[in-house]
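The values are calculated or read from the model by the stated rules, or taken from the named source; none is laboratory data. Since the structure is predicted, the reported quantities are computational estimates derived from the model, not experimental observations. Cβ placement follows ideal geometry from the backbone for every residue including glycine, while neighbour counts extend to all protein chains displayed.
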Amino acid sequence: MLDSLEAFMMELSFPSVVLRLLLATAYGALIGYDRRIKNNNAGIRTHALVCLGSALVMMTGEYVALRFPDSRTDLTRIGSQVVSGIGFLGAGTIIVTGRNRVHGLSAAAGIWSVACVGLAMGSGFVEGATVGVIFMLFIMRILNRADQKLRRHSTYFDLYVEFESQSSVREFTESLREQHVNFYDLRLRSSQIEGDGPIATMSIELPSYEYRKPFLRHIKQLSGVRYFELM
């Protein structure tokens, strides 16, 4: 039965084309649904369209090869352009906020991956597309929880701080040294609001995870710190 299904999907008949595009749309929508319930900007329509379009592009390359058998047509050429070109769409979902917080990296990776699922489905590689979708859901569901847990228990993190004055920055860094807290990649910039002090981003390394909460309480008590948050 599986052999007959594979042979059917490898055909470029009208029923096969309809089934390939239908499955590509369904798989893309499934990934998009998972993204949407997590309040991601790239939702059901975006992922479904990317997956559908990628499948259609792959089948177009197959059709051209069959339509013009004597030409030197490379079936993978159009698909490779999708893989590289879809990066522009994914890059559009990445946002760097005013506090240097980066959002949208997972969304960009998801859009690129769903394009690859579409290419696999468009070529008739149903098994690969199906397993790919299952693994994508596993990564976005299970590994996402593991990633968040690791971040909460890490002794390394990035810190965003708004100071009252330039001297407050010096007092802050001296306080870190006194507590034997390592910091690096310190970047200072002026606030866009007139009258406000400088803004800093830096990477912090704590002696241990147990020191995390006392360290954050200590920062909150510093007089020269107007605002801070973990990045």
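Table for the structure above
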| item | result |
| --- | --- |
| Helices (runs of 4 or more DSSP H) wholly inside the range 83-167 that include at least 2 residues being at pLDDT 80 or above | 105-122, 126-138 |
| Any hit, the range 159-173, residues being exposed (fewer than 11 other Cβ atoms within 10 Å of the Cβ) and out of contact with any Leu (no Cβ under 6 Å at 6 or more places or on another chain) | no |
| Filter result (over 16 Å from T25 (Cα atoms) and within 13 Å of the chain's Cα centre (by Cα)) within the range 106-142 | S106, A107, A108, A109, I139, M140 |
| Members of the range 195-231 that are among the aromatic types (F, W, Y) and either within 17 Å of R170 (Cβ to Cβ) or modelled with pLDDT of 80 or more (or both) | Y211, F215, Y227, F228 |
| Inter-residue pairs, beta-carbon under 6 Å, first among the small types (G, A, S) and in the range 201-222, second modelled with pLDDT of 80 or more and surrounded by 12 or more Cβ atoms within 10 Å (Cβ to Cβ), 6+ apart | S203/D158 |
| Within the range 33-73, considering residues that are hydroxyl-bearing (S, T, Y), at pLDDT below 80 and touching a Gly at 6+ places or on another chain (Cβ under 9 Å), the one nearest to F125 (Cα to Cα) | T60 |
| Unmet requirement for R187, which otherwise passes all of (1) surrounded by 11 or more Cβ atoms within 10 Å (Cβ to Cβ); (2) out of contact with any helix residue (DSSP H, G or I) (no Cβ under 9 Å at 6 or more places or on another chain) | (1) |
